[in-house]
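Working notes, beginning with the structure itself.
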Amino acid sequence: MTLERALLWGTTTSSLAKGLLFGISALFFTRVIGLSAATVGLGLTIAGGVGLAASFAAGHLSDRLGAGRVLVAMTLCQGAALGAYCLARTAVAFVLTACVAVGAEAAQRTARTTLLAREFTGADRVSVRARLRVATNVFIGVGSVAAAGALTLDSSSGYAATMVAAALLVLSSAIPLRHLPPASAPPVASPGDRVSPLRDRRYVAIAGLNGLLTIQFGVLTVGMPLWVTGHTRAPAATVALILVINTAFVALFQIRAARLARDIRTAGRVVLAAAAFLAVACGLYAGAAHGPALAAAVLLVLGVLAHSAGEVLAESGGWELAFELADPRFAGAYQGISQTGPAIGAMLAPAAVTTTAIDHGGPGWLALGALFLAAGAGTCAIAARAGIRVPAEMARSGT
């Protein structure tokens with residue numbers, strides 16, 4: 001089995017599990033384990049912090065032990081943790097289990113990205129990652145639809161059975177990964193050459209700016225339900241329509257968007273274009289607060305189309321920069337940094353979206369759009385300088 005096919009099968013199965021969890025996890029935690037919503041929120045926040053550390057640490061482990069081994073081990077660890085949720089009956093047990101589950105999933109992302117960085121070259125890395133993202137989105141959607149059965153039954157046994165099914169799916173996703181082809185040897189580096197990627201200010205800055213752009217995901221998952229139902233006259237069903245449009249757009253255009261980021265400098269321009277689309281989307285979302293239901297719905301649909309264009313462009317440009325600006329001798333450590341930035345953005349997204357757009361309406365949306373534009377402009381400026389420096393550095397090093 002080829003590496004891409006193994007990753008694709010593993011991604012498909014684990015994404016089905018993720019879709020199931022999106023549908024029932026909150027209800028499982030509150031109705032089956034018996035936790036309060038506040039306890040669940042605090043526990044998942046703590047687990048998110050563990051996930052940040054795991055993203056970074058998995059990069060160094062991937063360099064030392066091999067990304068394939070780390071990926072398989074963390075997949076099995078996550079599957080076991082999901083199964084352990086069924087045994088948790090106290091807040092402490094829930095938090096500990098959540099830390100393992102979230103940390104293992106974060107480590108998987110770093111190990112998977114390190115595999116792509118090591119085993120593919122040039123445009124192939126971004127193209128393969130785009131195909132994996134399409135599979136992720138599609139099968140999360142399939143899993144979410146499948147979770148409707150448990151939601152219809154609305155019983156503790158149904159939620160528990162779905163959690164067990166998700167655990168088994170994650171565990172089974174490790175099967176194709178066990179047959180990965182032998183990893184290629186990383187470029188040789190002497191002990192004196194080893195430099196922490198944390199000292200690579202250019203790479204850390206790119207990761208941080210990418211983290212700010214990652215806040216856009218919170219606009220859809222957190223912002224849209226609150227904005228549509230609380231600040232516009234559009235029907236509540238518009239929220240579901242927006243999410244469907246976004247999922248379909250990503251499935252149709254992510255691979256095409258990946259072809260636009262051909263090198264470091266074009267990747268920077270792609271990210272700037274993404275930020276412009278996201279800013280336009282913020283303006284359209286803000287406009288939906290004014291006018292009748294039909295006008296609001298039209299503006300929201302136009303907004304999510306612009307938003308989705310920004311999303312696929314931001315991902316494609318960000319992937320190219322994360323791969324091409326990394327030192328290939330320490331691919332794992334660098335990809336650990338690249339995954340940490342978006343993880344921080346995802347953790348900050350709910351608060352960032354609610355304290356701007358939801359709390360302050362139009363001015364808040366404008367502030368959010370300005371944040372995206374600033375992140376895109378900063379990324380483009382760094383990439384422009386890096387696009388000149390990297391060839392010169394390679395020439396001096398003889399590579």
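Sort through Ala58, Ala80 and tell me the only one that's at pLDDT 90 or above, hydrophobic (A, V, I, L, M, F, W, C) and buried (at least 18 other Cβ atoms within 10 Å of the Cβ).
Working: Ala80 fails: buried (at least 18 other Cβ atoms within 10 Å of the Cβ).
That would be Ala58, the only listed residue that is at pLDDT 90 or above, hydrophobic (A, V, I, L, M, F, W, C) and buried (at least 18 other Cβ atoms within 10 Å of the Cβ).
Being of a type outside the set (D, E, K, R) and under 21 Å from Leu169 (Cα atoms) narrows it down to one residue among Ala106, Ala91; which is it?
Ala106
Give Val222, Val271 a once-over and let me know the one that is within 18 Å of the chain's Cα centre (by Cα) and either among the acidic types (Asp, Glu) or modelled with pLDDT of 90 or more (or both). First the steps, then the outcome.
Details: Val222 fails: either among the acidic types (Asp, Glu) or modelled with pLDDT of 90 or more (or both).
Every option except Val271 fails the conditions.
When you look at Arg64, is it outside any helix (DSSP H, G or I) and surrounded by fewer than 19 Cβ atoms within 10 Å (Cβ to Cβ), yes or no?
Details: outside any helix (DSSP H, G or I): no; surrounded by fewer than 19 Cβ atoms within 10 Å (Cβ to Cβ): yes.
Criteria not met by Arg64.
How about region 85-107: which of its residues are within 18 Å of Gln339 (Cα to Cα) and touching a residue at least 60 places away in the same chain (Cβ under 8 Å)?
If we filter region 85-107 for residues that are within 18 Å of Gln339 (Cα to Cα), which is where we start, we get 99-107.
Listed by number, the list holds a single entry, Ala106.
Quick check on region 137-154. Is at least one of its residues touching a Phe, Trp or Tyr at 6+ places or on another chain (Cβ under 7 Å), among the aromatic types (Phe, Trp, Tyr) and in a helix (DSSP H, G or I)?
For region 137-154, residues touching a Phe, Trp or Tyr at 6+ places or on another chain (Cβ under 7 Å), among the aromatic types (Phe, Trp, Tyr) and in a helix (DSSP H, G or I): absent.
Can you find a residue in region 271-284 that is in contact with a Lys or Arg (Cβ under 7 Å, 6 or more places away or on another chain) and within 22 Å of Ala123 (Cα to Cα)?
Among the residues of region 271-284, not one is in contact with a Lys or Arg (Cβ under 7 Å, 6 or more places away or on another chain) and within 22 Å of Ala123 (Cα to Cα), which makes the answer no.
Looking at this structure, is Val126 more than 17 Å from Val164 (Cα to Cα) and touching a residue at least 12 places away in the same chain (Cβ under 8 Å)?
Details: more than 17 Å from Val164 (Cα to Cα): yes; touching a residue at least 12 places away in the same chain (Cβ under 8 Å): yes.
Taking the combined requirement at face value, the residue satisfies it.
Could you pull out the residue among Gly23, Gly51, Gly41 that is assigned to a helix (DSSP H, G or I) and either touching an Asp or Glu at 6+ places or on another chain (Cβ under 8 Å) or in the same structural domain as Ala346 (by TED's automatic domain parsing) (or both)? Lay out the reasoning, then the answer.
Working: Gly23 fails: either touching an Asp or Glu at 6+ places or on another chain (Cβ under 8 Å) or in the same structural domain as Ala346 (by TED's automatic domain parsing) (or both); Gly41 fails: either touching an Asp or Glu at 6+ places or on another chain (Cβ under 8 Å) or in the same structural domain as Ala346 (by TED's automatic domain parsing) (or both).
So the residue among Gly23, Gly51, Gly41 that is assigned to a helix (DSSP H, G or I) and either touching an Asp or Glu at 6+ places or on another chain (Cβ under 8 Å) or in the same structural domain as Ala346 (by TED's automatic domain parsing) (or both) is Gly51.
A quick yes/no check of all residues on (1) closer than 21 Å to Thr11 by Cβ; (2) under 19 Å from the mean Cα position of the chain (by Cα):
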{"residue": "Thr39", "(1), (2)": "no, no"}
{"residue": "Leu44", "(1), (2)": "no, yes"}
{"residue": "Gly51", "(1), (2)": "yes, yes"}
{"residue": "Ala58", "(1), (2)": "yes, yes"}
{"residue": "Leu65", "(1), (2)": "no, no"}
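Of all residues in region 287-306, count the ones that are in a loop (DSSP other than H, G, I, E, B) and either surrounded by fewer than 21 Cβ atoms within 10 Å (Cβ to Cβ) or outside the structural domain of Arg233 (by TED's automatic domain parsing) (or both). Break it down into steps so the answer makes sense when it comes.
From region 287-306, those in a loop (DSSP other than H, G, I, E, B) are 288-292; that's our starting set.
With either surrounded by fewer than 21 Cβ atoms within 10 Å (Cβ to Cβ) or outside the structural domain of Arg233 (by TED's automatic domain parsing) (or both) added as a condition, the list becomes 289-292.
Total meeting the criteria: 4.
If you go through region 224-250, how many residues are in a helix (DSSP H, G or I), of a type in the set (A, V, I, L, M) and either exposed (fewer than 14 other Cβ atoms within 10 Å of the Cβ) or without any contact (Cβ under 8 Å) to a residue 12 or more places away in the chain (or both)?
Looking only at region 224-250, we keep the residues that are in a helix (DSSP H, G or I), and these are 224-231, 238-250.
Among the residues that remain, those that are also of a type in the set (A, V, I, L, M) are: 224, 226, 228, 239-245, 248, 250.
Remaining after also requiring either exposed (fewer than 14 other Cβ atoms within 10 Å of the Cβ) or without any contact (Cβ under 8 Å) to a residue 12 or more places away in the chain (or both): 240, 244, 248.
Matching residues across region 224-250 total 3.
Across region 1-55, what is the number of residues that are buried (at least 17 other Cβ atoms within 10 Å of the Cβ), small (Gly, Ala, Ser) and within 17 Å of Thr110 (Cβ to Cβ)?
Total satisfying the criteria: 7.
Quick check on Ala130: is it in contact with a helix residue (DSSP H, G or I) (Cβ under 7 Å, 6 or more places away or on another chain) and of a type outside the set (S, T, N, Q)? Break it down stepwise before answering.
Values: in contact with a helix residue (DSSP H, G or I) (Cβ under 7 Å, 6 or more places away or on another chain): yes; of a type outside the set (S, T, N, Q): yes.
When the stated conditions are applied, Ala130 passes them.
For region 19-34, which positions are aromatic (Phe, Trp, Tyr) and either at pLDDT 90 or above or at positive phi (or both)?
Initial filter on region 19-34 (aromatic (Phe, Trp, Tyr)): 22, 28-29.
Listed by number, the residues that qualify are Phe28, Phe29.
In region 258-271, which residue that is surrounded by 22 or more Cβ atoms within 10 Å (Cβ to Cβ) and not β-branched (Val, Ile, Thr) is nearest to Val128 (Cα to Cα)?
The first filter runs over region 258-271 and keeps only residues surrounded by 22 or more Cβ atoms within 10 Å (Cβ to Cβ), leaving 258, 261, 264, 267-268, 270-271.
Pick out the ones that are also not β-branched (Val, Ile, Thr) and you get 258, 261, 267-268.
Details: Ala258: 9, Ala261: 13, Ala267: 16, Gly268: 20 Å.
Per the criteria, the residue is Ala258.
Can you say whether Arg109 is modelled with pLDDT of 90 or more, part of a helix (DSSP H, G or I), in contact with a helix residue (DSSP H, G or I) (Cβ under 6 Å, 6 or more places away or on another chain) and of a type in the set (Lys, Arg), as far as the supplied structure shows? Can you show your working first?
Working: modelled with pLDDT of 90 or more: yes; part of a helix (DSSP H, G or I): yes; in contact with a helix residue (DSSP H, G or I) (Cβ under 6 Å, 6 or more places away or on another chain): yes; of a type in the set (Lys, Arg): yes.
Spelling it out, Arg109 is indeed modelled with pLDDT of 90 or more, part of a helix (DSSP H, G or I), in contact with a helix residue (DSSP H, G or I) (Cβ under 6 Å, 6 or more places away or on another chain) and of a type in the set (Lys, Arg).
Pick out the one residue from Val100, Val134 that is closer than 18 Å to Leu44 by Cβ, assigned by TED's automatic domain parsing to the domain that holds Leu52 and either at pLDDT 90 or above or more than 19 Å from the chain's Cα centre (by Cα) (or both).
Result of the check over Val100, Val134: Val100.
The values are calculated or read from the model by the stated rules, or taken from the named source; none is laboratory data. Not measured: the values here are computed from a predicted model. Positions of Cβ are generated from backbone atoms using ideal geometry, with glycine treated the same way; all protein chains shown enter the neighbour counts.
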